[in-house]
1. Picking from 99, 112, 95, 108, which residue would you name as being in contact with a His (Cβ under 7 Å, 6 or more places away or on another chain) and at positive phi?
2. Any residue in the stretch 164-172 that is within 30 Å of the chain's Cα centre (by Cα), surrounded by 18 or more Cβ atoms within 10 Å (Cβ to Cβ) and in contact (Cβ under 8 Å) with a residue 60 or more places away in the chain?
3. Could you look through the stretch 86-111, keep only residues that are out of contact with any Phe, Trp or Tyr (no Cβ under 6 Å at 6 or more places or on another chain) and in a loop (DSSP other than H, G, I, E, B), and pick out the one that is surrounded by the fewest Cβ atoms within 10 Å (Cβ to Cβ)?
4. Report yes if residue 269 is under 22 Å from residue 156 (Cβ atoms), buried (at least 19 other Cβ atoms within 10 Å of the Cβ) and modelled with pLDDT under 95, otherwise no.
5. Filter the stretch 48-75 down to residues that are assigned to a loop (DSSP other than H, G, I, E, B) and under 14 Å from residue 103 (Cβ atoms), then give me how many there are.
6. Of the residues in the stretch 112-163, how many are closer than 24 Å to residue 281 by Cβ and part of a loop (DSSP other than H, G, I, E, B)?
7. Would you check which residues across the stretch 90-119 are over 30 Å from residue 43 (Cα atoms) and touching a Leu at 6+ places or on another chain (Cβ under 9 Å) and list them?
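The values are calculated or read from the model by the stated rules, or taken from the named source; none is laboratory data. Because the structure is predicted, anything quoted here is derived from the model rather than measured. Note that each Cβ is placed from the backbone with ideal geometry, even for glycine, and that neighbours are counted across all protein chains shown.
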Amino acid sequence: MHSKTLNRTIAVTGVLAAVVVLSACSSGDESTPSESSGDLTIGAIDLSEACPATVVIQTDWNPESEHGHLYELLGDTYEIDAGAKSVTGPLLASGEYTGVDVEIRAGGPAIGFQTVSSQMYQDTDITLGYVSTDEAIQLSSETPTKAVYAPLDISPTMVMWDPETYPDVETIDDILPALSANGGVWRYFDGSAYIEYLKSSGLADDSILDGSYDGTPANFVAAAGKDMQQGFASAEPYIYENEVEAWGKPVGFSLIHDSGWETYQSSVSVRTEALEELTPCLELLVPVLQQAGKDFYDDPAAANALILDLVEQYLVFINDAEDLKLELAADYLVMAAWLAYLKSGLLLPRDEQQDPSPEEMALRLQLRLQRLSAMRDAGARLMARDRIGRDVFVRSAPEGLRTVRSIQWKASLFDLTRDNIETQRIERDRCSRTQEGQVAELGSQLEIADRQITFDLLLRYQPSHSGFLVA
């Protein structure tokens with residue numbers, strides 16, 4: 001979850017809005033030349049004895065003006081790692097070198113949308129991280145953190161809506177009845193603690209809530225104003241009106257802070273277990289961060305220029321990466337990560353409740369590898385066989401014999417007459433019956449016998465031969 005502030009310069013916002021499309025990449029490097037920190041003279045504040053040689057700060061989103069106080073710590077000499085989405089340079093306090101370097105890392109898509117808390121525990125080189133109050137409470141048992149400095153007094157987390165669809169909505173109190181009447185939903189980041197507060201306060205319920213928000217405008221635009229959506233007051237209102245072409249109009253919004261959920265967004269925090277060790281450093285470093293925030297608001301030009309430089313280089317790296325076969329590299333990375341997980345499960349103390357067990361996973365992998373080997377062998381044998389048209393050739397198609405049939409009639413006049421008489425005899429021998437089923441009288445049969453026979457009867461199928469009498 002990224003942080004925002006209401007004090008945003010319009011000139012920077014439009015450019016930074018493009019950063020929303022950034023995503024993490026596996027490798028790559030593009031940097032600007034920087035002179036060695038050893039060549040600088042330490043000023044009034046010396047952090048070299050109390051702080052790590054490089055103070056690593058993990059942010060919760062891409063470079064933006066809300067992080068201006070961090071980039072104010074860097075001067076004109078810095079090194080950008082576009083692949084790792086980080087920038088490193090001498091840590092300055094009001095322009096004076098403090099004896100240590102600072103590395104500022106991008107968050108959000110640059111770390112696969114992981115929480116900063118988990119990132120800090122995965123990489124203990126991280127000195128400070130941006131952790132919201134919600135996140136600190138939710139993960140207090142797994143990855144506990146301690147806030148030491150809050151750059152923002154008011155959280156910019158908000159809910160926004162289309163003022164044309166909901167002209168009567170002004171505050172969060174108006175949302176539940178408005179959405180219920182219109183059949184819309186309130187889309188938010190799943191796991192957001194403020195949602196539970198709103199539900200317990202009666203300001204929202206499950207009938208209007210949808211935890212599928214992914215930070216993109218697609219669903220909000222597709223709903224055509226019917227739905228409401230989480231956002232950040234320092235970014236989305238400007239972005240949706242000026243950068244999202246499919247929307248291109250103002251949005252109404254209300255801060256979650258105004259509903260009574262007053263938390264700190266993007267609090268600069270340390271791992272709880274490292275607090276005691278870092279206390280001497282923090283006593284000197286936190287005032288430097290506070291002064292950097294004041295210097296940034298007094299004159300943001302230099303920090304904003306650096307932010308724009310970072311955005312441009314990160315985007316260039318992304319564009320160059322489109323020409324690479326990252327899908328193939330990703331497959332190898334997934335395979336390597338899975339094998340590392342399997343090996344760690346076999347070597348580390350066993351968890352009895354783990355299902356499947358590492359041994360079972362190893363057997364499954366072995367079976368899959370055996371099947372893969374068998375398929376490869378079968379494919380190799382198949383491809384090694386003779387191939388028609390390359391190794392062997394079929395005979396040409398035979399010509400075949402064409403059968404021509406014709407019908408010839410070889411019946412003489414005598415044959416025709418005899419056959420006809422035989423047919424008449426058969427008909428006379430049959431028992432002739434009337435329609436009532438009675439046997440015909442003998443006289444009728446004699447009349448039939450006495451009837452003259454003509455060629456019309458003999459050649460009944462050739463009616464053109466007629467007019468001759470048989471003696």
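1. 108
2. No, the conditions are met nowhere in the stretch 164-172.
3. The qualifying residue surrounded by the fewest Cβ atoms within 10 Å (Cβ to Cβ) is 95.
4. no
5. Number of matching residues: 7.
6. Of the residues in the stretch 112-163, the ones closer than 24 Å to residue 281 by Cβ are 115-133, 135-136, 139-140, 143-152.
With the extra rule that they be part of a loop (DSSP other than H, G, I, E, B), the set shrinks to 115, 123-127, 132, 139-140, 143-144, 150-152.
Residues in the stretch 112-163 being closer than 24 Å to residue 281 by Cβ and part of a loop (DSSP other than H, G, I, E, B): 14 in total.
7. The answer is 108, 109, 110, 115, 117, 118.
Here is a yes/no grid of residues against (1) closer than 30 Å to residue 81 by Cβ; (2) at pLDDT 70 or above; (3) surrounded by fewer than 10 Cβ atoms within 10 Å (Cβ to Cβ):
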{"site": "299", "(1), (2), (3)": "yes, yes, no"}
{"site": "306", "(1), (2), (3)": "yes, yes, no"}
{"site": "312", "(1), (2), (3)": "yes, yes, no"}
{"site": "320", "(1), (2), (3)": "yes, no, no"}
{"site": "344", "(1), (2), (3)": "yes, no, no"}
{"site": "355", "(1), (2), (3)": "no, no, yes"}
{"site": "365", "(1), (2), (3)": "no, yes, no"}
{"site": "376", "(1), (2), (3)": "no, yes, no"}
{"site": "385", "(1), (2), (3)": "no, yes, yes"}
